[in-house]
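Undergrad: This structure is in C-alpha cells; I'll ask about it shortly.
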Protein chains: 2
Amino acid sequence: MHNADPFLFQLFFIFVWAKLFGEIFERLRLPAVLGEILAGIVVGPYGANLVHLDDPIYAIAEIGAIFLLFTIGLETNPKDLISVGVTSLYVALAGIAVPFLLGFGYMILRHDSPHEAIFVAAAMVATSVGVTARVLGDMHVLQILPARIILGAAVFDDILGLILLSVVVGLVSTTGTAWAQLTVTTIEAIGFALVMMFYAPRVVRRMEPGLERMSTQDAPLIIAIAICLGLSYAAVKIGMAAIIGAFFAGLAFAEYSPRWNLRPRAFAINEFLAPFFFFSMGARLNLMVFDRKLIISAVIISVLAFLSKLMGCGLPVLRSGWKTALKVGVGMTPRGEVGLIVALVGLQMNIISQPAYALVVFMTAATTLIAPPIMRLVFREDSPPQPAFVERRRSAM
Amino acid sequence: MHNADPFLFQLFFIFVWAKLFGEIFERLRLPAVLGEILAGIVVGPYGANLVHLDDPIYAIAEIGAIFLLFTIGLETNPKDLISVGVTSLYVALAGIAVPFLLGFGYMILRHDSPHEAIFVAAAMVATSVGVTARVLGDMHVLQILPARIILGAAVFDDILGLILLSVVVGLVSTTGTAWAQLTVTTIEAIGFALVMMFYAPRVVRRMEPGLERMSTQDAPLIIAIAICLGLSYAAVKIGMAAIIGAFFAGLAFAEYSPRWNLRPRAFAINEFLAPFFFFSMGARLNLMVFDRKLIISAVIISVLAFLSKLMGCGLPVLRSGWKTALKVGVGMTPRGEVGLIVALVGLQMNIISQPAYALVVFMTAATTLIAPPIMRLVFREDSPPQPAFVERRRSAM
C-alpha cells in the first residue's frame, strides 16, 4: 500500500473534482453528470493536465459504467409500460429510426466512414429520461398523459438503443458477409433482450425463497452483483458491449428491487464509481479538435438530434393533438449516458476518431441543456399553481 | 470495453468464487472472510491457477481494504466506551503489549530479522471483535459485564493497533537514527489519532447544516467517501498506511452514521469491493512454503497469539474474579482483518517474506476458528435458556 501513492492520489483527486463540478452544475440546475464530464475536460490530460489516468482508473471507470447501466436497469420496471404500452412503443421506435437515419445520412454527407457514421448515429438514438423526469417532477406534471407516454417510451428506448448498439458492435467487428452477420447479430441481440425481459425475471422469482434462506449477508445484493458481472462478461463474449449485460441484469432484478432494497445500495456503489466513468469520458476529450469546421458540424448534429427526436417521437401521437405531440417530442430530446457510452465503445474499438467522439459529447451536452427550458415552456399549461416552496427532485441526470 | 475481456473475467470469477466460499463457511458457522481468503488460496495463482490477478484487480483490492477499514471506523462509536472506559483501556493496552512482546521474542528466537519480527508481532495484536460479537449475540449475553468490557476494549484495540502499525511502518521505512525517528512517528501517529477522535467529529458536526443543504444527491455519503480517500492518501503521504486514514475517516463520521444512513450504503460498497481484497490476500499465499519447520512455527505462533491475549486481556480484570478474566481473555483472542492488513503491508513493502506472511494468515485463521467453541463453553453459564428458534446474527467477521 505504501507504493500506491499515484493511484490513491488519482482516486482522491478525480473523485473530488468530479463531485465538485457536479455540485456546481446541480446548483445551476444543470445535470450533475455534465459537470463531472467537464471536470475531466478541465483538469484532465487534455486540459490543465493536473492528473494522469492510469490503467486501474480506467478499470474503475469501466466498472462504473457497468454499475451505471445496472442501476438504470433496476429502475426500468417493465410494469410502467402497461397503461401506455403500444403508444410508447411506437414513440420509441420512431424516435430511434428518425435520429439514426438523419445522423447516419449527415455523417455520410460529411464523408465520414460508414462505420464511424453508424456509431455516431447510434449514439444519437438513446433518450436520457433523467433530465425530463426531473423537470416534469419539479412542475408536478408526471401524471398527465404525455408524461406517462414519455416515461414508457424511455423504457423501450433504452432497450432498443442497447439492442442497436449490439447490432452495431457486431456489425463493425465482423468482416466479410456483413448482411448475413448483421441478421445473426440482430437476432442474437433481440433474443438476448427478450430472454432477459421475459424469462430472467421469472428465474429471479423462482430464486427468491432460496436467496432469502442463504447464509451470506445481503444475499440478494450479492447475487444481483454476481449476475451483473457475469452477464457483462457474457455480453462481451458473444460480441456485445459489457454494459448491455449489466443493463439487462438490472432489468431482471427490477421487480424485486424494492423488496430486497437493492436500489439505494446499488446507487451507493454507483455514486462511488460513476464519477470515475464520467470524469474519464471528459478526460478523453481533446478540445483542440474543435476547429471551425467541427464546431459547425457539432451544431448541425445537435440540431438534427433535437429535431429528429421531436419529429420521430411527436409523429406517433399526432392524432392526440399537436400539443401532446410537441410535449412528447420535446420530452424525449435529452440524450445522456447511453449515447456517451456508445461513443466511448467506438473510441475504444478505434472505430470512431477523436472528432467524432467530440461531436457526440457536444451533442449530448447541447440536447441536455436545451431541452429543460423548452420543456418548462410547453408543459407550463399543465402545471398546477405552485406554492412558494418548490420541492426539488434529484435524479441521476 | 471490447478489449476488457480478461479484466471482466477476473472481476466476475473472483467475486463469485469468493462469495461461494464465503457462503459455504457461513453455513458451517465459520467466518465468511476466511472462506474468501481460502478461495484465493484454492483457485488463485499458487493453487489451481484458474485466474490471473492483474494490476487493476489489486487496485480494486486496495480500495476494498480502504472501504473495509472505513466501515470498521463507522461502526466504532467512541460512545460505547463510556461505561467501561478505563477497564477496557487497560484490557486493550495489556492485550496489545503481551502478544507483541511474545511474538517479537519468538520471531527473534527463530532468527528472523528484527524488521520481520516487528511486523509479525504487530500483526498479532489486533483483536477482531466481529466473531466474538456474533457468538455472544447468538448466546444473548451481549449485555453482561465481560461482553461490554470486550466490546469497549476492541474499540481501543483497533485504534491502538493501527497506531502501532503506523509506528512500525515509520520505523522500518527509515534509515539512520531509529530511536529519534521512532519517537517522531509515535507522536505523529498518536497526534493523528487524537485529532481524528476528538477534533474531527466536531468538524463533521459543524459541517452538518452545510452538508444537508448541498445540491448533490447523497451529499453526506459523497463527502464521507471524499474524506476517506483524502485521509487515506494523506496517511500514505506522512508515512502511515492508507487504511489508517480510512479508519479514522470512518471514526469521524461514526456519530452521524445513523442519521445520514451511511452504514448500509458504505456496507454495500464494501460488500462489492472487500471480496477482492480477501481473495487477493489468499491468492498471495503460497501454501508450498509450509514445510515441516514452518508448520511447527505456525502452530507455536498461533498458541502464543491465543495465550498472550488470554493473559494480557484477562490480567487487568482479574480482581473481578477469574471467571470474568477468562471470559474477557477468550473473547479477545480472535484476530482478523487488521492483522492481515498489517502482514500485507509488510509483504508489499518487501519487509516480510512469504513464510512470515503465511505465519500471520495461519495464526489469524487458527485463532478465529478456535475461539468460538471455547467462548461458547465459558459463556454458557450466562446464556439465558434458549427458545428453539435461535436468531442468527450476521457480522462482517
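Undergrad: Considering only residues that are open to solvent by less than 10 Å² (accessible area, probe 1.4 Å), among the aliphatic types (A, V, I, L, M) and at pLDDT 85 or above, which ones fall in the range B:230-250?
TA: B:246, B:249
Undergrad: Okay, next question. State the number of residues belonging to the range B:22-35 that are open to solvent by 30 Å² or more (accessible area, probe 1.4 Å) and under 26 Å from residue A:232 (Cα atoms).
TA: Counting residues in the range B:22-35 that are open to solvent by 30 Å² or more (accessible area, probe 1.4 Å) and under 26 Å from residue A:232 (Cα atoms) gives 1.
Undergrad: Here's a follow-up. Filter the range A:36-56 for residues that are charged (D, E, K, R) and open to solvent by less than 60 Å² (accessible area, probe 1.4 Å) and give the result. Reasoning before the result, please.
TA: Within the range A:36-56, the subset charged (D, E, K, R) is A:36, A:54-55.
Result: A:36, A:54.
Undergrad: Regarding the range A:106-113, can at least one residue be identified that is away from chain B (no Cβ under 12 Å), of a type in the set (Asp, Glu) and not in a helix (DSSP H, G or I)?
TA: Of all residues in the range A:106-113, those away from chain B (no Cβ under 12 Å) come to A:106-113.
Next, from what is left, pick out any that are of a type in the set (Asp, Glu): A:112.
From what is left, the residues that are not in a helix (DSSP H, G or I) are A:112.
So far as the range A:106-113 goes, yes, one or more of its residues are away from chain B (no Cβ under 12 Å), of a type in the set (Asp, Glu) and not in a helix (DSSP H, G or I).
Undergrad: Could I ask something else about it? Every residue in the range A:251-273 that is within 23 Å of residue A:159 (Cα to Cα), facing chain B (nearest Cβ under 9 Å) and surrounded by fewer than 19 Cβ atoms within 10 Å (Cβ to Cβ), please.
TA: Selection gives A:264 alone.
Undergrad: Criterion first (more than 27 Å from residue A:18 (Cβ to Cβ) and either touching a residue at least 60 places away in the same chain (Cβ under 8 Å) or in a loop (DSSP other than H, G, I, E, B) (or both)) does residue A:212 satisfy it? So that I can check it myself, show each step before the final result.
TA: Working: more than 27 Å from residue A:18 (Cβ to Cβ): yes; either touching a residue at least 60 places away in the same chain (Cβ under 8 Å) or in a loop (DSSP other than H, G, I, E, B) (or both): no.
Answer is no for this residue.
Undergrad: Also, I was wondering about something else. Go through the range B:298-330 and count every residue that is surrounded by 20 or more Cβ atoms within 10 Å (Cβ to Cβ) and among the hydroxyl-bearing types (Ser, Thr, Tyr).
TA: So the count comes out to 2.
Undergrad: Something else now. Of everything in the range B:114-150, what is hydrophobic (A, V, I, L, M, F, W, C), assigned to a helix (DSSP H, G or I) and surrounded by fewer than 19 Cβ atoms within 10 Å (Cβ to Cβ)? Give them in sequence order.
TA: Going residue by residue through the range B:114-150, those that are hydrophobic (A, V, I, L, M, F, W, C) are B:117-126, B:129, B:131, B:133, B:135-136, B:139, B:141-142, B:144-145, B:147, B:149-150.
Okay, now just the ones that are also assigned to a helix (DSSP H, G or I), so B:117-123, B:129, B:131, B:133, B:135-136, B:145, B:147, B:149-150.
Result: B:145, single match.
Undergrad: Run down B:74, B:53, B:30 and say which single residue is under 17 Å from the mean Cα position of the chain (by Cα) and part of a loop (DSSP other than H, G, I, E, B).
TA: Values: B:74 fails: part of a loop (DSSP other than H, G, I, E, B); B:53 fails: under 17 Å from the mean Cα position of the chain (by Cα).
When all the criteria are applied, what remains is B:30.
The values are calculated or read from the model by the stated rules, or taken from the named source; none is laboratory data. Predicted, not measured: the structure shown is a model, and the values here were computed from it. Every residue, glycine as well, gets a Cβ built from its backbone with ideal geometry; the counts of neighbours run over all protein chains shown. All accessible areas refer to the heavy atoms of the entire protein, side chains included, with ligands and DNA or RNA removed. Shrake-Rupley method; radii C 1.70, N 1.55, O 1.52, S 1.80 Å.
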